[in-house]
Amino acid sequence: EVNNKKKRTKEERLQLASKGLQVHVIGLSIHHADVDVREKLAIPEDDWNTASNEITSTGSVSEAAVLSTCNRFEVYYSAPDAREATARVTEYLAERSGLPVSLLRKNLFMLSGDDAVWHLMRVSGGLDSLVVGEGQILSQVRQCHLHSIEEDGCGGKVLARMLNNAVAAGKRVRSETAISKGSVSISSAAVELSEMYSMKDLNLPFSEARLAVVGAGKMTRLLITHLASRGLEKITIVNRSLGRPQELQEQFPDVDIDIKLMDDLWDVVGRSDIVYTATSSVDYVVDEALLKENGLAGGRPLMLVDISVPRNVGEDCKQIPNVSAYNVDDLKAVVARNTAMRQKEMIEAETLLREEAAGFSGWRESLSAIPTINQLQEKANNVRQEELDKCTRKLSQNENLSDKEIEAVERLSRSIVNKLLHGPMSHLRQHDNVDDQQHAIKELSAMFRLQDDGNGRGRGGSRSRRR
């Protein structure tokens, strides 16, 4: 069935193009659906094209591309018959998830046409993410585009163009606005704050500071992720057990992670410039008394960045000379400032995205001129051929005309037709406004009676005979 779908006749392709392939998206995201529903539909990236092929296998859907991440699952597709295609995609999602369609529909969102295009632009620009402006989603949309144009991809002419435009739009947003600047999560704010105050508090560039983190849970993983993005090469993890730190070693093979148990805590603190604390302890892990007891109060500069709630670092640490201590409230101020800044940037980002969305929509609508251009060329060529055949029969009776001379007459006829058609076809292509283009298509069709003539024969030929 897939092969039959891909090998349409010329007439079928013309009919499809004249109807226009409308774009749609069906999906669910962290904004619309619980994780237990999202995980039932999640598809590994290696299987995105397999899923697209299954969706298009019945022929109801002309093009399809899957985008599946931890926060969203979306199927972008194009088809001439929206209702039939949407039913097919919904049927596939129900089969894959094992969930009844009624439950799926409560979690799914469905968008068509310009709304679907706008949604993808916002996704690629990072405006639909939990952390506005985050960069990972742009990389994921780029992968979606690349997979769609692979040999086994199902992107087709329309979807591949839309995905490519979305990637370009996402890049523009990040390069022409400051939407991705500034930390908007506690863990990323901890890195930003310590980088910002390293010279002031430690008289040391952040890149040269020796780093340690106490605890090995989710916050530590996020912290190392943000540190690694800034070129982190080495860090010491202090934890009560070895299991989780060893998992982090596997997750971050490019980072040299030194693992120590809590018995070595004060030795590690004594050898570090910046210590992040991220444990679930309800008691202070570091306070003034413990620092004094271990001979670490008032010595060389030390920065303590506490990202735990309840706090791991006592407030009294701020009273110790050469110790700079920051807690979650200090980090929240960084987050709030950056979030407010990103909200302002969203307005500018949306302006850029609307430009890109309008560009794609204009291109897609321009496809509707293709069948008219093809019909016009076909009709003109049929008329030319009919008249040439009659002319050739008469000329061939004159034995003085050589084959080369008859060929010259044919070339002349082609040249005349091409020059006559150049103006009307250019007129069709030049309209930026969709309504103007549709009006031009109707005018041209009526003028040359393209709909009446079918294959271009009949009236066209009779008119030429009367000339």
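Brief remarks follow.
Yes or no, residue by residue, for (1) of a type outside the set (S, T, Y); (2) under 23 Å from L265 (Cβ atoms); (3) open to solvent by less than 30 Å² (accessible area, probe 1.4 Å):
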site: P310; (1), (2), (3): yes, yes, no
site: D316; (1), (2), (3): yes, yes, no
site: A340; (1), (2), (3): yes, no, no
site: E355; (1), (2), (3): yes, no, no
site: S366; (1), (2), (3): no, no, no
site: N382; (1), (2), (3): yes, no, yes
site: E386; (1), (2), (3): yes, no, no
site: L395; (1), (2), (3): yes, no, no
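- Top-ranked residue of segment 58-98 - restricted to ones that are assigned to a loop (DSSP other than H, G, I, E, B) and at pLDDT below 90, ranked as least open to solvent (accessible area, probe 1.4 Å): T69
- Scanning segment 101-150 for residues that are part of a loop (DSSP other than H, G, I, E, B), under 12 Å from V25 (Cβ atoms) and either among the acidic types (D, E) or open to solvent by 50 Å² or more (accessible area, probe 1.4 Å) (or both) yields a single hit, D128.
- Qualifying residue in segment 174-195 (condition: in contact with a Lys or Arg (Cβ under 9 Å, 6 or more places away or on another chain), surrounded by 19 or more Cβ atoms within 10 Å (Cβ to Cβ) and within 20 Å of W363 (Cβ to Cβ)): no
One line per residue, one yes/no per condition, for (1) without any contact (Cβ under 8 Å) to a residue 60 or more places away in the chain; (2) of a type outside the set (G, A, S); (3) open to solvent by less than 40 Å² (accessible area, probe 1.4 Å); (4) more than 23 Å from R300 (Cα to Cα):
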{"residue": "L202", "(1), (2), (3), (4)": "no, yes, yes, no"}
{"residue": "R210", "(1), (2), (3), (4)": "no, yes, no, no"}
{"residue": "T220", "(1), (2), (3), (4)": "yes, yes, yes, yes"}
{"residue": "I224", "(1), (2), (3), (4)": "yes, yes, yes, yes"}
{"residue": "G231", "(1), (2), (3), (4)": "yes, no, no, yes"}
{"residue": "P245", "(1), (2), (3), (4)": "yes, yes, yes, yes"}
{"residue": "E250", "(1), (2), (3), (4)": "yes, yes, no, yes"}
{"residue": "D264", "(1), (2), (3), (4)": "yes, yes, no, no"}
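- Per-region count, segment 286-302, residues hydrophobic (A, V, I, L, M, F, W, C), surrounded by 19 or more Cβ atoms within 10 Å (Cβ to Cβ) and touching an Asp or Glu at 6+ places or on another chain (Cβ under 9 Å): 2
The values are calculated or read from the model by the stated rules, or taken from the named source; none is laboratory data. Remember, it's a predicted structure, so these values are computed and weren't measured experimentally. In this analysis, Cβ positions are derived from the backbone assuming ideal geometry, glycine residues included, and neighbour counts consider all displayed protein chains. We work out accessible area using only protein heavy atoms, side chains counted, and drop any ligands, DNA or RNA first. Shrake-Rupley method; radii C 1.70, N 1.55, O 1.52, S 1.80 Å.
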